[in-house]
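The structure appears right after this line, and notes come after that.
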Amino acid sequence: MIEKTIRCPSCKNQLTINGNPGDKIQIICPSCNSKGVFTFPHEESFLSESNPIQVLNLTKKFNNFIAVNNISFSVKAGEIFGFLGPNGAGKTTTMKAILSLINTNSGQIKINGISIHKDPKVAHKYVGYLPERIAFYDNLTALQNMYFYADMKNTPKGECKPLLDEMGLGGALDKKVGKFSKGMQQRLGMACALIGSPPILVLDEPSGGLDPRGVALIRKKIREMKSKGTTVFLSSHILSEIQEVCDRVGIIDKGVLVAQDSVSKLSEKLKLKPKITIELEQISNEVVEAVKKVQGVEKVDVKGKNIDIICDPKSKSKVILAVEKAGGSVINIQTKEPSLEEVFLKVTGE
Amino acid sequence: MNTTFEKILKNPVSIIARKEIMDNVRNFWIILITIIFAILTVAMSAFGAYFSEGWQDLGMTIALMMSIVQLLVPIIALMLGYAAIVGEIEKGSMNTLVSLPVKRIEIILGKFLGLGIVLTFSIVVGFGIAGIIIGIMVPDVNYIEYLIFIAATVLVGLVYLNVALFFSTLFKKRSTALGGAIFLWFFFNMILPVILMGIAFAGAAFSDILEGTVPEWYYGIQLINPMSVYSALVTLNVEGVLSSASGAVQIQYPSFYTTWLMVLILFVWIVGFLLLSYQRFNKKDI
Ligand SMILES: Nc1ncnc2c1ncn2[C@@H]1O[C@H](COP(=O)(O)OP(=O)(O)OP(=O)(O)O)[C@@H](O)[C@H]1O
Ligand SMILES: [Mg+2]
């Protein structure tokens, strides 16, 4: 809780209020009855100019549907920040808001300390963006498309060919983009995002539509950019991808940012084990004790005629063997793999 | 190189305009319509020039050409403009475009400039060839009047281009926008004239018109239709168009029908719809 003393704008009366950072509270001035809203500021460090991307209390509604619900986070200089969440969670919407592609309902976004609401044109100079749905000018060739973006970013055209080469499009420079496959367009999109070596990259599912070699290529490039000091903000719903490249992760679900953490801390939490439910004709103490003794078993719960066992996937057959040895007769066995949802639940501590 | 010139070339508006030109000069339909346009104007001018014995009679040629303009110029303009914004949004290339260091007004202006140049080019090519034929076949051609005619045509083309541009910011889908463009063509060519005719009936102007006198207020109301403004602009400035208008109706423009009023009205259409497009596009989620 922070305590804050504010002054009523109409009667200048002083009053003291309490709240958490980011809270919005309604105020009715006790002396003149005028109404107002006060938003408690986030810690100074949050809006520090050294964070290349700052998102504060961002909300976006589509008609009445809340796609992004009051989320705040920042991406620190030089890190790779992963945005993780299921389909429709609001990842793309958040990224679009950062690039001023959509109007937001409330919130503040800053790029290198520059408000995108006040000066989008300057803020965009620092960002290379790979949209989720990538498309180009079909009548123009790959090189002509890239020249256009290079011109718009006021970057020498000489960069374009090497970038296309690097993305494996060296043989398709003069091919019309209308004839490109989805994966080729994705590679071209990555090349375009890299024009002018922007200090910030915003990549919406960079490995979408790519073959394994393409995926490896893009991951290599992302790491290479990081080593040059580039700040990367990328989204994905592939856990392994996020785990492999990101320094920190934000998890978004149904428009709400449910966790922000370093990958090492998060992956500890992510090491969830499958849950095996064994239904028995009858439960006896011997069976439960026998199961508990099996190597790799973490947790055993008895619910009616069911035993819920959380264990290493490898121990599954040993568990069943132990149950049968102890005289239990099995009716049914179910295995539930840890889902993204469980990750969320665990991460949010629900 | 001149630095001001370099600055202009490096401005996002002109970069987008150049891209727009490159993208559209390869558009099959635009090329086809331009060719049809050129063939028709050449046919008309050859036909007109054949029967004329001097520039005076070329008013008739221009009167004939005006009917092609009324039919084809809106089609070229609507085809160039109807998908300008919605097409890029639907396809996805607008995602990248808006994310670049560029203001949305610059995107609208760039599109307008680029498409306007393509439109102007196809009009100038069509009438340019026709002009050459006229020059060969007719002595003492008044080129100034001919240039005024071309300029007026470009202006009215830009009006339709911007109406189309505005329509392309209204819809969510390219296909709906195409329907909208077709409706617009019908509206300006069929529905609006019929409405104006209806007004004439209702206002009892029709009997007057049949008797050969058109009341001033009816002339005033005609200015709603950009095509009427265009024909007035041409008629006021090209000698002989007026007299070649066939039929019993003697066109007698009221005194407020001036060149400057007509030019002003067309400019208001152009700028007005440009602003409307920007205002709509600015609010749009990509
Ligand atoms: N233009 C729009 N109009 C209406 N609803 C939208 C629009 N764009 C997105 N939404 C909704 O907002 C929510 C968030 O969408 P968003 O594209 O941000 O999800 P995402 O996390 O990127 O999902 P994915 O992993 O599938 O890419 C979804 O429920 C989606 O239906
Ligand atoms: Mg997405």
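The values are calculated or read from the model by the stated rules, or taken from the named source; none is laboratory data. Here the structure is a predicted model, which is why all the values come from computation and not from measurement. Don't worry about glycine lacking a Cβ; one is built from the backbone with ideal geometry, like all the others, and counts go over all protein chains shown.
For the reader, a short list of remarks on this structure follows.
- Within region A:149-164, the set of residues being among the charged types (D, E, K, R), more than 7 Å from chain B (Cβ to nearest Cβ) and under 23 Å from residue A:234 (Cβ atoms) comprises A:159 only.
- Among the candidates A:167, A:146, residue that is surrounded by 17 or more Cβ atoms within 10 Å (Cβ to Cβ), within 19 Å of residue A:206 (Cα to Cα) and more than 12 Å from every other protein chain (Cβ to nearest Cβ): A:167
- Checking residue A:131 against (1) within 16 Å of ligand 1 (Cβ to nearest atom); (2) out of contact with any Ser or Thr (no Cβ under 9 Å at 6 or more places or on another chain); (3) closer than 24 Å to residue B:94 by Cβ, the condition it does not meet: (2)
- Residues (β-branched (Val, Ile, Thr) and either within 16 Å of ligand 2 (Cβ to nearest atom) or within 13 Å of chain B (Cβ to nearest Cβ) (or both)) located in region A:180-217: A:195, A:200, A:202
- Inter-residue pairs, beta-carbon under 7 Å, first within 11 Å of chain A (Cβ to nearest Cβ) and in a loop (DSSP other than H, G, I, E, B) and in region B:1-30, second surrounded by 12 or more Cβ atoms within 10 Å (Cβ to Cβ) and not basic (Lys, Arg), 6+ apart: B:25/B:118; B:26/A:139
- Failed item, numbered, when residue A:101 is tested on (1) at the interface with chain B (Cβ under 7 Å from one of its Cβ atoms); (2) in contact with a strand residue (DSSP E or B) (Cβ under 8 Å, 6 or more places away or on another chain): (2)
- Only one of A:181, A:197 that is surrounded by fewer than 22 Cβ atoms within 10 Å (Cβ to Cβ), touching a strand residue (DSSP E or B) at 6+ places or on another chain (Cβ under 9 Å) and of a type in the set (S, T, N, Q): A:197
- Any hit, region A:64-74, residues being of a type in the set (Ser, Thr, Tyr), in contact (Cβ under 8 Å) with a residue 60 or more places away in the chain and closer than 19 Å to residue A:203 by Cβ: no
- Going through (1) more than 27 Å from residue B:139 (Cα to Cα); (2) away from chain A (no Cβ under 11 Å); (3) at pLDDT 80 or above one by one, residue B:40 falls short only on (1).
- Residues located in region B:85-141, provided they are charged (D, E, K, R) and away from every other protein chain (no Cβ under 14 Å): B:140
- Looking only at residues of region A:281-307 that are farther than 17 Å from residue A:318 by Cα and among the aliphatic types (A, V, I, L, M), we find that the one that is surrounded by the most Cβ atoms within 10 Å (Cβ to Cβ) is A:283.
- Every test in (1) within 16 Å of ligand 2 (Cβ to nearest atom); (2) away from chain B (no Cβ under 14 Å); (3) farther than 30 Å from residue A:180 by Cβ is passed by residue A:81 save one, and that test is (3).
- Residues in region A:124-143 that are under 25 Å from residue B:29 (Cα atoms) and either buried (at least 21 other Cβ atoms within 10 Å of the Cβ) or facing chain B (nearest Cβ under 7 Å) (or both): A:135, A:136, A:137, A:139, A:140, A:142.
- Of all residues in region B:115-141, those satisfying the criterion of being touching a Leu at 6+ places or on another chain (Cβ under 8 Å) and not in a helix (DSSP H, G or I) are B:138, B:141.
- Positions within region A:104-123 being out of contact with any helix residue (DSSP H, G or I) (no Cβ under 9 Å at 6 or more places or on another chain), within 12 Å of chain B (Cβ to nearest Cβ) and charged (D, E, K, R), in sequence order: A:119
- For region A:200-224, residues that are touching a residue at least 24 places away in the same chain (Cβ under 8 Å), among the acidic types (Asp, Glu) and surrounded by fewer than 19 Cβ atoms within 10 Å (Cβ to Cβ) total 1.
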